Amino acid sequence: MRWKPLRLIPDDTKLPFMRLSRFGFFVSGILCALSIALFAFKGLNYGIDFKGGSVITIRTQEVAHLDNLRATLNGLGLGSVELQQFGTPNDVLIRLPAQGGGDANEQAAQKKVVEALGPTVEVRAKETVGAKVSEELTQQATGAVMLSIFFVLFYLWARFEWQFALGAVVSLLHDVTLSLGLFSLIGLEFNLSIIAAILTIVGYSLNDTVVVFDRIREFLRRYKSMGLADLIDFSINSVLPRTILTSLATLMALLALFFFGGEVIHGFSFAMIWGVVVGTYSSIFIASPVLILFGTKREMAATEVKRAR
């Protein structure tokens, strides 16, 4: 028996993506506005990497009762102490806010917590991030994201045309804005692993966009009389099977990490799952329609010929 290759998307699809892109722009515009509002008024749930403080990982002999532990630690006068159960029912993550006054005060706060928990609790790890370090990390993380977008603009401008570069950057800004809005909405802890996820999202979205742009450029040379909207639809449909299969394969790996990878990479894997979905969407419904808004060299040349006549 001869096996046929798996085809989730037929080769001869003719979906009118550019006709749907107006609705996509409208929905994305609303979601981006809401994301900016959430970021401005609610902000992000910054982790210890960005706001400073201490993290203590403990293991109790019996199943950990967070209410009892919280009541014990809140009476120490160390500020708002956060507790989170992860891994086994006996493992607890304790986050202490920055105490101020330097590293000595942070160490003293950790010691006070360990003494309050008693000898029956095993302290597995302690971590401290000072205010100065967290401020530097914030600046470096912001700079890394902005620098990556700048190099994307430069690379695509050199490889394609400025309209293609603009479309890719608009798409990347769309992905980052929606991601920050989602993280703010659900209160996902924003730490260095999330920054790594955002940079990975930028790379994944860019890869998807370049594949589509490559096909558009190829067809611009081959079908010189075809309308730009029809040509973009034709280009996207021609790479759609590859795009969907790549996205699904990536999502399968990320879902496995999300459900079975443990609490440590839970936030990273969630951010990546969201990034794959929104990156695939934006490469089709955001990056490509920008070419229609601003045209390409072919359309500009045709306009100049009409004016000359």
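The alpha carbons of region 213-297 occupy a box of 54, 23, 14 Å along the principal axes, longest dimension given first. Farthest towards the positive end of the charge dipole of the chain, among the residues GLN61, GLY24, VAL277, is the Cα of GLY24, using unit charges on the Cβ of Lys, Arg, Asp and Glu.
Rounded to the nearest 10 degrees, the angle from helix 162-186 to the longest Cα principal axis of the chain is 30 degrees. Sorted from longest to shortest, the spans of the Cα atoms of the chain along the three principal axes equal 87, 58, 29 Å. For region 53-129, a Kirkwood hydrodynamic radius built from all Cα pairs, placed in the Stokes-Einstein relation at 20 °C and 1.002 mPa s, yields a translational diffusion coefficient of 173 µm²/s. As I understand it, the value is the acute angle between the Cα axis of helix 228-260 and the longest principal axis of the Cα atoms of the chain; what does it come to in degrees, rounded to 10? So the helix axis and the longest Cα principal axis differ by about 20 degrees. Within the listed set PRO289, PRO16, PRO119, the residue fluctuating most in the Gaussian network model of the chain (springs between alpha-carbon atoms under 10 angstrom) is PRO119. Top mean-square fluctuation among SER238, SER171, SER288, Gaussian network model of the chain, C-alpha springs under 10 Å? Between SER238, SER171, SER288, it is SER238 that shows the largest mean-square fluctuation.
Karplus-derived 3J(HN,Hα) values for region 42-50, using 6.51 cos²θ - 1.76 cosθ + 1.60 with θ = phi - 60°, are 9, x, 9, 8, 5, x, 4, 4, 10 Hz; glycine and proline are entered as x. Note on the chain: with charges restricted to the Cβ of Lys and Arg (+1) and Asp and Glu (-1), its dipole about the Cα centre is near 1540 debye. The C-alpha atoms of the chain define a longest principal axis, and helix 297-308 lies at about 40 degrees to it.
Please figure out what share of the DSSP beta bridges in the chain is antiparallel and state it in percent, rounded to the nearest 5. Don't skip to the end; give the middle numbers.
On the way: 18 of 20 bridges.
Roughly 90 percent of the beta bridges in the chain run antiparallel, per DSSP.
Equivalent ellipsoid of region 181-220: semi-axes from √(5λ) of the C-alpha gyration tensor, largest first, are 32, 11, 4 Å.
Any read-out appearing in this document is the output of simple, stated calculations on the displayed coordinates, not a laboratory observation. Quick caveat: nothing in here was measured; it's all calculated off a predicted structure. Neighbour counts are summed over all protein chains in view; Cβ atoms, including those assigned to glycine, are modelled from backbone coordinates with ideal geometry.
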